[in-house]
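First comes the structure, then the notes that go with it.
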Amino acid sequence: MEDLKVGDKLYNVSQNGFGDFYRYSFSEVVRLTKTLAVLENGVRLRNKPVKSLINDEIGYSLATNRWVYWHIVSDEILRRAEKENEVIAIHDWFRDRSFNFLEKTMIYNLFKEKGIL
């Protein structure tokens with residue numbers, strides 16, 4: 001478990017209730033003090049790694065809230081975030097759109113053609 005260094009890339013995952021999507025935030029360490037790491041988005045973290053009791057990940061807690069953690073970015077996290085962002089975009093697109101009969105027919109025929117119906 002190492003302390004953070006300038007240039008380290010970190011992420012945080014938040015969720016607004018159990019039914020909400022995972023929302024990923026990414027940032028980079030731009031400055032260090034004796035005890036804190038400051039991210040480019042202004043978030044201040046304790047520069048003391050802590051092992052999670054839930055999933056064994058190493059995290060860095062917020063300076064103002066020890067129960068909110070940021071973690072080092074990995075390729076797997078980038079893939080998960082990209083997939084989750086696509087799910088959110090699809091959800092928002094369908095939520096914000098109303099379909100006319102022609103569009104509904106096109107969607108129905110596409111599903112029928114793919115054997116989904």
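Taken together, the values in this text are just the output of simple stated rules run on the coordinates, not laboratory data. All figures in this text were calculated on a predicted structure; none of them were measured in a lab. Neighbour counts run over all protein chains shown; Cβ positions are idealised from the backbone, glycine included.
Here are a few things to note about the model shown:
- All lysines inside 29 Å of residue 5 as judged from Cα atoms, apart from same-chain residues fewer than 8 positions distant: 34, 48, 51, 83
- Among the GluC sites (Glu not before Pro) in the stretch 68-117, none sits in a DSSP loop with a Cβ that has at most 11 other Cβ atoms within 10 Å.
- Expected 222 nm ellipticity per residue - DSSP helices of 4 or more, -39500 (n - 2.57), all of the chain, to 500: -10000 deg cm²/dmol
- Choice from 36, 62, 102 with maximal GNM fluctuation in the chain (Cα, 10 Å cutoff): 102
- Over the chain, equivalent-ellipsoid semi-axes from the Cα gyration tensor in Å: 41, 14, 13
- Across the chain, the longest run free of exposed loop sites, meaning trypsin sites (Lys or Arg not before Pro) lying outside DSSP classes H, G, I, E and B with no more than 16 other Cβ atoms within 10 Å, spans 35-65.
- Between helix 75-95 and the chain: long-axis angle, C-alpha atoms, 0 to 90°, nearest 10: 40
- Neighbour count of at most 15 Cβ within 10 Å plus DSSP loop: longest chymotrypsin sites (Phe, Trp or Tyr not before Pro)-free window in the chain: 23-66
- Kirkwood radius and radius of gyration were both taken over the C-alpha atoms of the stretch 75-117, and their ratio Rg/Rh is 1.16.
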